[in-house]
Amino acid sequence: MRQPLPEPPVPDRSMTGRQRLLASVWPPRVTRPQLTVALLLCVLGLGLAIQVRSTNENSVLRGARQEDLVRILDELDDRTQRLEDEKQRLVGQRTELENSSDQAEEARKQTKAKEQQLGVLAGTVAAQGPGITLRITDTHGAVEADMLLDAIQELRAAGAEAIQINDVRVVADTYFTDADSAVEIDGRRVSQPYTFTVIGKPEDLEPALNIPGGVVQTLEKERANVSVKRHEKIVVDALRSAKRPDYARSSS
């Protein structure tokens, strides 16, 4: 049975027009449809705020040049491929250990190979393979230590596995400093021309140096002469002595 609608309040004849208007709108009478609409508007506003924030976070890449985006994608593809190759190599080692009739001998072989790999990374053994040479001639004395460090970082990002500059081996803790219009590497004074000998995939290393606004263009703006050459086989033979830790010992 339908309930009768409540009758509207009878206005007080003694109230002024302003008082009657205020009494009609306050206190507010909120209905269920109004609450539903308010909730939907709140959810819509929250969604718009999240979308705006996401758009702002992506604005850096959205404003990048096409050449930079292509380079970033190429570097990501190269790193993904290197990780996939490393994964396949480790899987192969595990299979060899599982299937070898003499697992102890196989383990020794893999340990020896791993020792050689770590020696290359630590700079304690010589290395050879394909790569590039980067030669920088600075007749104006404008090339500083941070520019050489930028070149090293760009080469490492492109997959360089062994690097030496003139007769100094570059490793993880190598540092560069400026000293009396010259450059010191790990405290050793290096004279120009600066010759980088780099082992890695030439097809990745050379483009990494020649990207627009990259290492080569930066050095050329300082009026330095720069040349990059690919090689099927080069040798990195500058060595570093292995340091024995004072406190750390193997836990195995």
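The values are calculated or read from the model by the stated rules, or taken from the named source; none is laboratory data. Here the structure is a predicted model, which is why all the values come from computation and not from measurement. Methodologically, a virtual Cβ is constructed for each residue, glycine included, from the backbone with ideal geometry; neighbour enumeration extends over all protein chains shown.
Does D173 meet the test of being part of a loop (DSSP other than H, G, I, E, B) and farther than 25 Å from L239 by Cβ? Criteria not met by D173. The residues of the range 185-213 that are in a loop (DSSP other than H, G, I, E, B) and out of contact with any Pro (no Cβ under 9 Å at 6 or more places or on another chain), listed by number, are D186, G187, S191, Q192, P193, N210, I211, P212, G213.
Here is a yes/no grid of residues against (1) within 29 Å of R223 (Cα to Cα); (2) assigned to a helix (DSSP H, G or I):
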position: K112; (1), (2): no, yes
position: E154; (1), (2): yes, yes
position: A160; (1), (2): yes, no
position: I163; (1), (2): yes, no
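In the set K243, K229, which member is among the basic types (K, R) and either touching a Phe, Trp or Tyr at 6+ places or on another chain (Cβ under 6 Å) or farther than 30 Å from I72 by Cβ (or both)? Let's see the steps before the verdict.
Values: K229 fails: either touching a Phe, Trp or Tyr at 6+ places or on another chain (Cβ under 6 Å) or farther than 30 Å from I72 by Cβ (or both).
Every option except K243 fails the conditions.
Just to be sure, is D146 under 23 Å from the mean Cα position of the chain (by Cα), in a helix (DSSP H, G or I), at pLDDT 85 or above and over 24 Å from V235 (Cα atoms)? Considered against the rule, which asks whether it is under 23 Å from the mean Cα position of the chain (by Cα), in a helix (DSSP H, G or I), at pLDDT 85 or above and over 24 Å from V235 (Cα atoms), D146 comes out as yes. Among the residues of the range 123-142, none qualifies, meaning not one is outside the structural domain of Q217 (by TED's automatic domain parsing), assigned to a loop (DSSP other than H, G, I, E, B), hydroxyl-bearing (S, T, Y) and farther than 17 Å from D167 by Cβ.
Here V120, V91 are screened, and the one residue that is farther than 30 Å from Q217 by Cβ, surrounded by 14 or more Cβ atoms within 10 Å (Cβ to Cβ) and modelled with pLDDT of 75 or more is V120. Working only within the range 131-149, note down all residues that are surrounded by fewer than 16 Cβ atoms within 10 Å (Cβ to Cβ) and under 17 Å from D204 (Cα atoms). Passing the criteria: only T133. When R223 is tested against (1) surrounded by 15 or more Cβ atoms within 10 Å (Cβ to Cβ); (2) touching a His at 6+ places or on another chain (Cβ under 6 Å), only condition (1) is not met.
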